[in-house]
């Protein structure tokens, strides 16, 4: 499945949940799928999507969906065990795994050969991790949004990207409208 | 609030209380261990131990975005680990981080490997454009409440550097 199609599918299922999205093409694709003030688009600090999402999940009641990539998650594997320790029931981690660093020219990551992020997530102590195929995607995301389970979805996606256009928002704009949108509560 | 006998710990807790700082994101250090134990023992604070200081900056930024006033407690060696997140997340979006840093490599240090980042810490913070305050004794904690509050209001980070001697100082 193409990553931008996965992102579109997820966005279709959302109401006012928070989305924290990995930098580069995924954030651009999220923006194209339909900009929302509840989207926190990362622009730098690769590897920080999950920690930001965790901080949010522990600080307010709204559901948080983290869209992470394999390259960025590999930079910060410790956060999988921090997540497992904290065990918030309002965070869904979606690992969009294309086995490569897309935004720099598709150099391969370790998941294209030896590493299994779903297994690493499980071994880090997370009890509810599923590798999901295309036909199950909507059902699994819906289940997570409604019941809180599964908590981590590992989705293999094809290489490729739908956008090369930078998001036309300044970082502080993203911050301000995001904080205002979620301040009101779910 | 229950009191311990340790004024160095109580001064920090009072600072956290006055500024409404919470949650507290932590990594351990021998010198901050009594402080971290006190925090863990009081329901007033949510303590979030993390695996690396960079991750801690991410969690703190998420907590701030979620409406909290987080603080971090970690060693000077962790400043290096946190650097890109401090520049490209906290700095870029102007999400302020309040950092209580155990400054290793200062007088009394027994571990040589703590010296490089311990000594670099002030220059490092200066490079990042983060105001820092050296805390030599518990009474210094009172005088940084207002500067840190002002920095927070301006979406600026603050770093408090606690040299090893702080933890045996009096008043």
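The values are calculated or read from the model by the stated rules, or taken from the named source; none is laboratory data. Here the structure is a predicted model, which means the values were calculated and not measured. Cβ coordinates were reconstructed from backbone atoms using ideal geometry, including for glycine residues, and neighbour counts include every protein chain displayed.
Could you look through segment B:50-59, keep only residues that are more than 7 Å from chain A (Cβ to nearest Cβ) and touching a strand residue (DSSP E or B) at 6+ places or on another chain (Cβ under 6 Å), and pick out the one that is surrounded by the fewest Cβ atoms within 10 Å (Cβ to Cβ)?
Going through the qualifying residues, I end up with B:53.
Among (1) surrounded by 12 or more Cβ atoms within 10 Å (Cβ to Cβ); (2) within 24 Å of residue A:116 (Cα to Cα), where does residue A:139 come up short?
(1)
Does any residue of segment B:87-102 turn out to be more than 14 Å from chain A (Cβ to nearest Cβ) and on the phi > 0 side of the Ramachandran plot?
Looking for residues that are more than 14 Å from chain A (Cβ to nearest Cβ) and on the phi > 0 side of the Ramachandran plot, one finds none in segment B:87-102, hence no.
In the list B:85, B:121, which residue meets the criterion of being surrounded by 23 or more Cβ atoms within 10 Å (Cβ to Cβ), assigned to a helix (DSSP H, G or I) and under 14 Å from the mean Cα position of the chain (by Cα)?
The unique qualifying residue is B:121.
For segment A:81-185, give me every one of the strands (runs of 3 or more DSSP E) that falls completely inside it and has 3 or more residues that are closer than 24 Å to residue B:62 by Cα and modelled with pLDDT of 95 or more.
A:91-97, A:152-156
Results for (1) under 12 Å from the mean Cα position of the chain (by Cα); (2) away from every other protein chain (no Cβ under 13 Å); (3) at pLDDT 95 or above, shown as yes or no for each residue.
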| site | (1), (2), (3) |
| --- | --- |
| A:10 | yes, yes, yes |
| A:22 | yes, no, yes |
| A:31 | no, yes, yes |
| A:47 | yes, no, yes |
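Take residue A:53 and decide whether it is within 14 Å of chain B (Cβ to nearest Cβ) and modelled with pLDDT under 95.
The answer is no for residue A:53.
Scan A:83, A:58, A:117 and give me the residue that is touching a strand residue (DSSP E or B) at 6+ places or on another chain (Cβ under 9 Å) and either free of Cβ contacts under 8 Å to residues at least 24 places away in the same chain or closer than 18 Å to residue A:155 by Cα (or both).
So the residue among A:83, A:58, A:117 that is touching a strand residue (DSSP E or B) at 6+ places or on another chain (Cβ under 9 Å) and either free of Cβ contacts under 8 Å to residues at least 24 places away in the same chain or closer than 18 Å to residue A:155 by Cα (or both) is A:117.
How many of the residues in segment A:68-125 are on the phi > 0 side of the Ramachandran plot and surrounded by 24 or more Cβ atoms within 10 Å (Cβ to Cβ)? Working first, answer last.
Going residue by residue through segment A:68-125, those that are on the phi > 0 side of the Ramachandran plot are A:87, A:99, A:105-106, A:125.
Those left that are additionally surrounded by 24 or more Cβ atoms within 10 Å (Cβ to Cβ): none.
Selection size over segment A:68-125: 0.
When you check residue B:137 against the structure, is it away from every other protein chain (no Cβ under 14 Å) and either surrounded by fewer than 17 Cβ atoms within 10 Å (Cβ to Cβ) or within 25 Å of residue A:72 (Cα to Cα) (or both), yes or no?
On the way: away from every other protein chain (no Cβ under 14 Å): yes; either surrounded by fewer than 17 Cβ atoms within 10 Å (Cβ to Cβ) or within 25 Å of residue A:72 (Cα to Cα) (or both): yes.
The answer is yes for residue B:137.
Does segment B:60-82 contain at least one residue that is in contact with a helix residue (DSSP H, G or I) (Cβ under 7 Å, 6 or more places away or on another chain), within 13 Å of chain A (Cβ to nearest Cβ), at positive phi and surrounded by fewer than 20 Cβ atoms within 10 Å (Cβ to Cβ)?
There is at least one residue in segment B:60-82 that is in contact with a helix residue (DSSP H, G or I) (Cβ under 7 Å, 6 or more places away or on another chain), within 13 Å of chain A (Cβ to nearest Cβ), at positive phi and surrounded by fewer than 20 Cβ atoms within 10 Å (Cβ to Cβ).
Count, please, the residues in segment B:54-68 that happen to be free of Cβ contacts under 8 Å to residues at least 12 places away in the same chain and outside any helix (DSSP H, G or I).
2
Going by the structure shown, is residue A:35 outside any helix (DSSP H, G or I) and modelled with pLDDT under 95?
Working: outside any helix (DSSP H, G or I): yes; modelled with pLDDT under 95: no.
For residue A:35, the condition - outside any helix (DSSP H, G or I) and modelled with pLDDT under 95 - is not met.
Would a scan of segment B:15-34 turn up a residue that is in contact (Cβ under 8 Å) with a residue 60 or more places away in the chain, within 30 Å of residue A:174 (Cβ to Cβ) and within 14 Å of the chain's Cα centre (by Cα)?
Yes: one or more hits.
Only residues that are surrounded by fewer than 19 Cβ atoms within 10 Å (Cβ to Cβ) and under 21 Å from residue A:137 (Cβ atoms): list them for segment A:18-37, please.
Matches in segment A:18-37: A:32, A:34, A:36.
Check off (1) at pLDDT 95 or above; (2) farther than 30 Å from residue A:24 by Cα; (3) surrounded by fewer than 17 Cβ atoms within 10 Å (Cβ to Cβ) for residue B:94 and give me the number that stays unchecked.
Result: residue B:94 fails condition (2) only.
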